[in-house]
């Protein structure tokens with residue numbers, strides 16, 4: 001991904017979202033060898049002494065802290081050797097809007113953040129946050145693999161299992177940017193959920209998310225809304241988020257069904273994940289399909305999501321009630337009622353312009369509705385589209401691996417109720433098979 005494209009994407013995002021937090025303040029310095037020009041020996045002390053708009057610069061060294069931020073400050077490392085080591089602590093950095101209503105305008109950049117019990121970076125109930133250029137490594141250490149629990153995780157994180165919070169977790173967050181980070185060797189990569197409020201209009205851009213063994217590279221999942229007062233379950237929603245330019249490779253591989261490259265999930269009747277865009281990502285070698293869209297109950301809302309222009313290679317088959325017949329590029333599944341029919345109806349899914357190769361099946365659907373699958377490139381696949389049950393798949397204008405379309409020898413075929421004519425006579429992108 002070029003720097004020029006990255007800058008353009010951020011510029012457009014900021015132009016739309018605005019920059020309400022523009023105050024400029026003092027610069028504070030943190031060093032393991034304090035001196036008059038750099039008087040703070042811990043990051044937490046500098047945060048406590050700061051005011052909104054201040055910049056905190058952290059010099060090289062290893063800081064054994066759980067840094068909690070509740071004001072609009074910029075926290076930046078002066079070089080690549082500034083490490084936040086949260087061994088034995090909850091998180092590396094917690095941007096806490098849950099206890100600081102109206103929090104926004106926080107920037108965190110340049111750190112290596114490691115060894116937290118839960119998240120490397122946790123953000124709750126905040127706006128206009130920027131997390132850029134960090135290495136988020138080997139967090140989620142409280143995960144109990146044998147029973148998929150996270151002992152000690154806060155009650156407001158309502159549905160953690162194998163993710164255990166993940167490397168980066170956004171909950172109740174809007175109009176924020178997570179860009180150019182390395183997220184590796186955590187339980188899972190980046191989690192976007194709604195445990196504490198709606199999470200929407202965020203940009204997940206140009207991150208490298210690799211070798212996170214127990215969950216997806218990027219997860220967009222609607223969870224039960226946290227409330228200390230008992231009542232009927234509800235969800236705030238995960239919507240209008242853009243996932244673009246990321247590499248999600250070799251995630252969710254440690255146990256069967258652990259994780260996709262990108263997963264969009266609505267597990268219960270009241271949950272809602274909708275209107276998100278997954279585009280221009282590289283999704284390779286993940287334990288589940290490159291992109292997995294799962295709804296597991298009647299009334300679950302998983303609608304109007306766009307999967308476009310991704311390169312999807314050599315991922316796994318889906319499992320359990322969303323099982324696919326083989327390794328799969330993209331799976332759109334409403335679960336299973338025990339008789340092979342979907343439980344949930346998933347509407348408005350658009351799958352376009354993707355290049356899918358080295359899979360058994362390009363796109364699998366199981367939902368009683370229409371799914372649009374157009375202008376994709378299927379290279380070397382046995383099956384381009386497999387509609388397991390229910391509605392119609394409109395799959396016109398795809399490249400099926402040869403010019404004759406699904407009925408020709410050597411082309412990827414179709415299974416189930418799939419409309420495929422006309423087909424493309426050549427790949428949608430001439431450089432796609434590379």
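So is residue 386 surrounded by fewer than 24 Cβ atoms within 10 Å (Cβ to Cβ), under 20 Å from residue 314 (Cβ atoms) and in contact (Cβ under 8 Å) with a residue 40 or more places away in the chain or not? Please lay out each step first, then the result.
Values: surrounded by fewer than 24 Cβ atoms within 10 Å (Cβ to Cβ): no; under 20 Å from residue 314 (Cβ atoms): yes; in contact (Cβ under 8 Å) with a residue 40 or more places away in the chain: yes.
So residue 386 does not fit the description; no.
In segment 10-29, what residues are farther than 18 Å from residue 70 by Cα and at pLDDT 95 or above?
Passing the criteria: only 29.
Say whether the condition of being at pLDDT 95 or above and surrounded by fewer than 24 Cβ atoms within 10 Å (Cβ to Cβ) is met by at least one residue in segment 288-295. Give the derivation first.
Going residue by residue through segment 288-295, those that are at pLDDT 95 or above are 288-295.
Filter once more, so that each one left must be surrounded by fewer than 24 Cβ atoms within 10 Å (Cβ to Cβ): none.
There is no residue in segment 288-295 that is at pLDDT 95 or above and surrounded by fewer than 24 Cβ atoms within 10 Å (Cβ to Cβ).
Kindly establish whether residue 404 is under 22 Å from residue 426 (Cβ atoms) and at pLDDT below 95.
For residue 404, the condition - under 22 Å from residue 426 (Cβ atoms) and at pLDDT below 95 - is met.
Yes/no matrix, rows are residues, columns are (1) surrounded by fewer than 24 Cβ atoms within 10 Å (Cβ to Cβ); (2) part of a loop (DSSP other than H, G, I, E, B):
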site	(1), (2)
131	no, no
154	yes, yes
169	no, no
172	yes, no
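Answer yes or no: is there a residue in segment 228-237 that is buried (at least 24 other Cβ atoms within 10 Å of the Cβ), outside any loop (DSSP other than H, G, I, E, B) and at negative phi.
Start the filter on segment 228-237 by keeping residues that are buried (at least 24 other Cβ atoms within 10 Å of the Cβ), which leaves 235.
If we keep only those that are outside any loop (DSSP other than H, G, I, E, B) as well, we get none.
Looking for residues that are buried (at least 24 other Cβ atoms within 10 Å of the Cβ), outside any loop (DSSP other than H, G, I, E, B) and at negative phi, one finds none in segment 228-237, hence no.
Tell me the residue from 335, 316 that is assigned by TED's automatic domain parsing to the domain that holds residue 283, on the phi > 0 side of the Ramachandran plot and in a loop (DSSP other than H, G, I, E, B), please.
Going through 335, 316 in turn, just one is assigned by TED's automatic domain parsing to the domain that holds residue 283, on the phi > 0 side of the Ramachandran plot and in a loop (DSSP other than H, G, I, E, B): 335.
Being closer than 26 Å to residue 70 by Cβ, in contact with a strand residue (DSSP E or B) (Cβ under 7 Å, 6 or more places away or on another chain) and surrounded by fewer than 22 Cβ atoms within 10 Å (Cβ to Cβ) narrows it down to one of 163, 201, so name that one.
201
The values are calculated or read from the model by the stated rules, or taken from the named source; none is laboratory data. Just so you know, these numbers come straight off a predicted model, no measurement behind them. A quick note on method: Cβ atoms are made from the backbone with ideal geometry, for glycine too, and the neighbour counts reach across all protein chains shown.
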